[in-house]
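This report refers to the structure that appears directly beneath it.
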Amino acid sequence: MPEAVTGGSWRIDTAPDPAACAELLAAAFAREPAVSWICGGSAPVRTHWFRATLRTHAGLDGARRTALVGADGRLLAAAVLTPPGATPAAGARALWAARTGLRCGPRALGRTLRYLDATDGSAPPGSWTLEFVGVRPDLTGRGAGRLLLDHVLATTPAPHGLYLTTADPTNVPLYHHFGFTTQRKIPLGPLSVTSMSRGGK
C-alpha cells in the first residue's frame, strides 16, 4: 500500500514529458464523465486521446505542464494549463484532428469538438485555463492532488485569474475549497458541465 505523499518524498517538475503526463492523466480520468463520454470505456482510446491532446498543447506559446514526482522518479500527479488567448495554429489543429480521428475514431473527435464548442468563450478575459489536473489512481486521497494544485495556484502568473470546466459534480466542492466559484452549468448530451473561475492575485 502506498504511503501518504509528504514533503520529503516528492519534487515539483515544471517541464514533465507530455507523453508521461498523458499516461498519468489517461489513468486518472478513467471514470471522469466527459472523458468517458468522449472516449468510451476503452483505455487505449483514452490514452491516445490524451497523447494527441497534450502533444498539441505542448506546442502552444507559454503552455505549462507541472507534475509532482515521487522519489522513484514516477509521476504522482500532473496539471496542464493554457495561458490567456493561446490557441493552436490551423496546421496544429488539423494535425490534432487527424491524429485523434485516426487513433480514437470519429466519435471521439466529434464529441471533443462538441465539448470545445459548448465551452468556448466561457473563460473570463485574460484568465489562464486549468485544462487538466489528475492524480495517479493508487494515490487518490493521499494529498498528491492538493500539493500539486497548491503549487500551481501559487506560481501561475494569473492576474486575471484561472478558469476550468468539469463534468464531474464531485469536483465542484473541491474546487470551491481552492477558491473557484461556479459561473454556469452547460448541458451537453448526457453531461452537465460546470464552468468555474478563480480571481487573480
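The values are calculated or read from the model by the stated rules, or taken from the named source; none is laboratory data. This is a predicted model, so every value here is computed, not measured. Note that each Cβ is placed from the backbone with ideal geometry, even for glycine, and that neighbours are counted across all protein chains shown. The area values use the complete protein model at the heavy-atom level, side chains included, leaving out ligands, DNA and RNA. Shrake-Rupley method; radii C 1.70, N 1.55, O 1.52, S 1.80 Å.
If the condition is being surrounded by 15 or more Cβ atoms within 10 Å (Cβ to Cβ) and assigned to a loop (DSSP other than H, G, I, E, B), then the stretch 114-132 contributes 122, 123, 124, 127.
With respect to (1) farther than 21 Å from residue 11 by Cβ; (2) touching a strand residue (DSSP E or B) at 6+ places or on another chain (Cβ under 6 Å), the lone exception for residue 133 is condition (1). Of all residues being outside any helix (DSSP H, G or I) and modelled with pLDDT under 90 in the stretch 133-142, which is most open to solvent (accessible area, probe 1.4 Å)? Just the residue, please. It comes out as 140. Whenever a residue of the stretch 138-163 is among the basic types (Lys, Arg), its partners that are open to solvent by 50 Å² or more (accessible area, probe 1.4 Å), lying with C-beta atoms within less than 7 angstrom and at least six residues away or across chains, give the pairs 142/4.
Among the residues of the stretch 36-57, what is the count of those that are buried (at least 22 other Cβ atoms within 10 Å of the Cβ), of a type outside the set (D, E, K, R) and touching a helix residue (DSSP H, G or I) at 6+ places or on another chain (Cβ under 6 Å)? Going through the stretch 36-57 one residue at a time, the tally reaches 6. Scan the stretch 143-156 and give yes if some residue there is farther than 15 Å from residue 12 by Cβ, open to solvent by 30 Å² or more (accessible area, probe 1.4 Å) and either in contact with a His (Cβ under 7 Å, 6 or more places away or on another chain) or modelled with pLDDT under 95 (or both), otherwise no. No, the stretch 143-156 contains no residue that is farther than 15 Å from residue 12 by Cβ, open to solvent by 30 Å² or more (accessible area, probe 1.4 Å) and either in contact with a His (Cβ under 7 Å, 6 or more places away or on another chain) or modelled with pLDDT under 95 (or both). With the structure loaded, tell me whether residue 65 is of a type outside the set (A, V, I, L, M, F, W, C) and more than 13 Å from the chain's Cα centre (by Cα) or whether it fails that test. Judged against the criteria, residue 65 is not a match. No other residue among 15, 98, 89 is open to solvent by 50 Å² or more (accessible area, probe 1.4 Å), more than 27 Å from residue 169 (Cα to Cα) and in contact with a strand residue (DSSP E or B) (Cβ under 9 Å, 6 or more places away or on another chain) apart from 15.
Test of understanding: among 107, 103, 111, which residue is surrounded by 19 or more Cβ atoms within 10 Å (Cβ to Cβ), in a helix (DSSP H, G or I), in contact (Cβ under 8 Å) with a residue 12 or more places away in the chain and charged (D, E, K, R)?
On the way: 107 fails: surrounded by 19 or more Cβ atoms within 10 Å (Cβ to Cβ); 103 fails: surrounded by 19 or more Cβ atoms within 10 Å (Cβ to Cβ).
Within the list 107, 103, 111, the selection yields 111.
Identify the single condition in (1) of a type outside the set (Ser, Thr, Tyr); (2) in a strand (DSSP E or B); (3) in contact (Cβ under 8 Å) with a residue 60 or more places away in the chain that residue 80 does not satisfy, given that it satisfies every other one. Among (1) of a type outside the set (Ser, Thr, Tyr); (2) in a strand (DSSP E or B); (3) in contact (Cβ under 8 Å) with a residue 60 or more places away in the chain, the lone unmet condition for residue 80 is (3).
Might you let me know whether the stretch 25-34 holds any residue that is more than 26 Å from residue 186 (Cβ to Cβ), free of Cβ contacts under 8 Å to residues at least 24 places away in the same chain and over 13 Å from the mean Cα position of the chain (by Cα)? No - not one qualifying residue is present in the stretch 25-34. Answer with yes or no whether residue 27 is over 19 Å from residue 128 (Cα atoms), open to solvent by 40 Å² or more (accessible area, probe 1.4 Å) and touching a Pro at 6+ places or on another chain (Cβ under 6 Å). Criteria met by residue 27.
Set side by side, the residues 94, 158, 108, 89 differ, and just one is in contact with a Phe, Trp or Tyr (Cβ under 7 Å, 6 or more places away or on another chain), farther than 21 Å from residue 21 by Cα and small (Gly, Ala, Ser), which is 158.
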